[in-house]
Amino acid sequence: MGFLDSFRRDKKAAQPPKVEEKKEEIEQPEEEIEEKKDEASDDFFDIEDAEVIEREVEVSQEKHEPAPLRTYKDKKPLTHVVGATKIIAIINQKGGVGKSTTAINLSAALGELGKQVLLVDLDPQGNTTSGFGIEKSQLQKCIYDVLLNDVSIEEVIVPDVCEGVDLVPATINLAGAEVELVSEMARENRLKDAVGVMKGKYDYIFIDCPPSLGLLTVNSLVAADKLIIPIQTEFYALEGVTKLLESMKRVKTRLNPTLDIYGILLTMYDGRTTLSRQVAAEVRNYFGRQVFETIIPRTVKLSEAPSYGIPIIQYDPTGKGAIAYRNLAEEVVKRG
Ligand SMILES: Nc1ncnc2c1ncn2[C@@H]1O[C@H](COP(=O)(O)OP(=O)(O)OP(=O)(O)O)[C@@H](O)[C@H]1O
Ligand SMILES: [Mg+2]
């Protein structure tokens with residue numbers, strides 16, 4: 001990522017020279033140092049050399065130009081026959097509960113299992129988009145244009161962001177959609193129509209929802225067959241879930257009769273704390289078998305991976321975060 005790269009570069013530049021180098025400098029005889037000083041000052045006023053340096057800088061800037069993004073037409077051909085596509089929204093209007101982390105890492109783990117996944121970033125924050133290392137400034141179109149500008153979903157898909165996973169990115173433009181959709185015809189059905197055309201091309205279509213119950217979230221409730229609700233195992237864990245379930249019921253009655261919970265996912269679990277264990281027990285007590293057996297542990301590696309633009313199965317393939325999301329992927333496949 002650009003920001004981190006420059007941060008690392010700055011950090012390196014700020015580091016003192018290594019001890020061995022320092023030693024050499026000290027051991028040099030004084031005349032030699034004087035000679036070198038003279039050479040250095042001569043060099044300093046040599047205009048030709050200065051030009052050479054300038055050219056070098058130009059070259060290195062060219063090197064850092066990001067490669068153009070691939071498009072759906074560049075997508076690798078399918079290697080298996082896709083059955084019925086499941087459309088699953090990853091949803092909870094409570095912020096920071098692990099929706100985007102789950103969207104990225106569950107998709108990647110399913111891709112690794114040989115499944116074809118389309119991941120739709122429906123959050124103007126675009127955390128899922130940047131979590132796959134996509135530079136938002138490079139994007140000419142995003143899900144906003146699909147919802148409001150009649151752009152086809154294929155035109156915005158970034159294919160193969162990791163094995164088996166294609167991404168429909170989001171940029172900050174999407175923030176306007178909540179307001180602009182209000183005056184549109186069939187405003188709740190926009191996403192359903194858009195992803196509907198991709199049925200049969202993917203095993204799973206996941207939608208990463210924003211932390212609100214606005215029109216974007218309603219669009220995902222209408223588009224989805226099922227919901228994954230991540231719940232953070234800490235105090236106030238169930239806060240807002242009742243409201244979410246009410247919204248689900250309203251959409252179910254009026255717009256999407258087959259909508260249902262696919263699974264409740266316990267996230268950021270810290271087995272050392274009584275609170276985490278209590279909340280996990282309480283959630284299991286309330287939702288019963290709807291809760292996934294897999295629990296996502298709290299691990300710093302999961303929070304670091306997005307800044308490298310890669311999922312946890314690549315960043316820390318044998319760590320507990322990767323193991324958990326692989327287990328979750330297997331559970332999802334088994335649930336059918
Ligand atoms: N299991 C975990 N262990 C440690 N950190 C985690 C874990 N899951 C998520 N995080 C971190 O917690 C923060 C919130 O996670 P995430 O962005 O996935 O939540 P979210 O529900 O998508 O948030 P928002 O509602 O803002 O979209 C992020 O910084 C993420 O890296
Ligand atoms: Mg998010």
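Computed from the coordinates by the stated procedures, all read-outs in this text should not be read as laboratory data. Fair warning: this is a prediction, and the values are worked out from it, not measured in the lab. Neighbour counts run over all protein chains shown; Cβ positions are idealised from the backbone, glycine included.
Laid out as a table, the results:
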{"item": "Region 190-266 pair-distance distribution - Cα-Cα, 10 Å bins, rounded %", "result": "17, 52, 26, 5, 0"}
{"item": "Rounded to whole Hz, the Karplus (6.51, -1.76, 1.60) HN-Hα couplings of region 186-194, x for glycine and proline", "result": "6, 5, 7, 9, 4, 6, 4, 4, 5"}
{"item": "Nearest-20 debye value, region 72-335 charge dipole, Cβ charges on Lys, Arg, Asp, Glu", "result": "780"}
{"item": "Using θ = phi - 60° and Karplus 6.51 cos²θ - 1.76 cosθ + 1.60, couplings along region 286-300 (whole Hz; Gly, Pro as x)", "result": "6, 9, x, 6, 5, 7, 4, 5, 5, 10, 8, x, 7, 8, 5"}
{"item": "Cut-off 15 Å between beta-carbons: net charge of the residues surrounding ILE134, Lys and Arg +1, Asp and Glu -1", "result": "-4"}
{"item": "Cα-based equivalent ellipsoid, region 87-228: semi-axes from gyration tensor eigenvalues, Å", "result": "21, 16, 15"}
{"item": "For peptides 86-92, 310-316, 76-82, sequence by mean Cβ density within 10 Å, most packed first", "result": "86-92, 310-316, 76-82"}
{"item": "Contour minus Cα-Cα distance for THR242 and ASN327 (0.36 nm per residue)", "result": "27.8 nm"}
{"item": "Cα Rg over Rh - region 207-336, Kirkwood", "result": "0.98"}
{"item": "Likely footprinting exposure, ASP160, ASP203, fewest C-beta neighbours within 10 Å first", "result": "ASP160, ASP203"}
{"item": "Members of LYS192/LYS226; LYS99/LYS136; LYS136/LYS301; LYS86/LYS243 lying beyond 18 Å, as alpha-carbon distances in this model show", "result": "LYS99/LYS136; LYS136/LYS301; LYS86/LYS243"}
{"item": "Summed side-chain charge close to PRO124 - residues other than PRO124 whose Cβ falls under 13 Å, Lys, Arg +1, Asp, Glu -1", "result": "-4"}
{"item": "Distant-in-sequence amide H partners of CYS142 (H built 1.01 Å from N, under 5 Å)", "result": "none"}
{"item": "Cβ charges +1 (Lys, Arg) and -1 (Asp, Glu), total dipole of region 142-222, debye", "result": "260"}
{"item": "Cα centroid separation, region 246-316 to region 128-188 (Å)", "result": "24"}
{"item": "Taking the C-alpha atoms of region 72-335, convex hull volume expressed per residue in Å³", "result": "117"}
